[in-house]
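The structure appears below as C-alpha cells.
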C-alpha cells in the first residue's frame, strides 16, 4: 500500500492511526508492506527548482507528519517504509 501527497500540503498528516486491538487479540491492527512517501517522486509536484535550501517557501512543504499513532492506539507495523525526500537544490 502506498500513501503519498500531491503538491504542497504543509499541514498534512499523511496517515493517522486511531485503532486499537480488540481485547485479547494481539497484533490484530496492523499494516504490512506499506510505504508513506512525501515528495521525491513523479506526480508529487514538489520541484527542486522551486526550493532554495533554508527557505520557508510553502510550495516546498510536502507534509507536516507522515504517521501519527494516536494515544491509546496499537499498531503492528511490518515491512513499512517512511520516506521524506529532500527537494532542495
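The base-10 log of I(q)/I(0) for the chain, evaluated at q = 0.24 Å⁻¹, reads -1.13 [Debye formula, identical scatterers on Cα atoms, solvent excluded].
How high is the relative contact order of the stretch 2-84, in percent, counting Cα pairs under 8 Å that sit 6 or more residues apart?
On the way: 167 pairs, mean separation 40.6, N = 83.
Over the stretch 2-84, the number comes to 49 percent.
Rg over Rh for the stretch 4-46 works out to 1.15, both radii taken from alpha-carbon positions and Rh defined as the Kirkwood radius. Can you work out the PRE-style zone for residue 20? Point 7 Å along Cα to Cβ, and I want the residues of the stretch 56-73 with backbone N under 13 Å. Residues passing the 13 Å test: 70-73. Peptides 3-16, 47-60, ordered by how many other C-beta atoms sit within 10 Å of their residues on average, highest first, read 3-16, 47-60.
Computed from the coordinates by the stated procedures, all read-outs in this text should not be read as laboratory data. Only a predicted model underlies this, so the values are computations on that prediction, with no experimental measurement involved. Don't worry about glycine lacking a Cβ; one is built from the backbone with ideal geometry, like all the others, and counts go over all protein chains shown.
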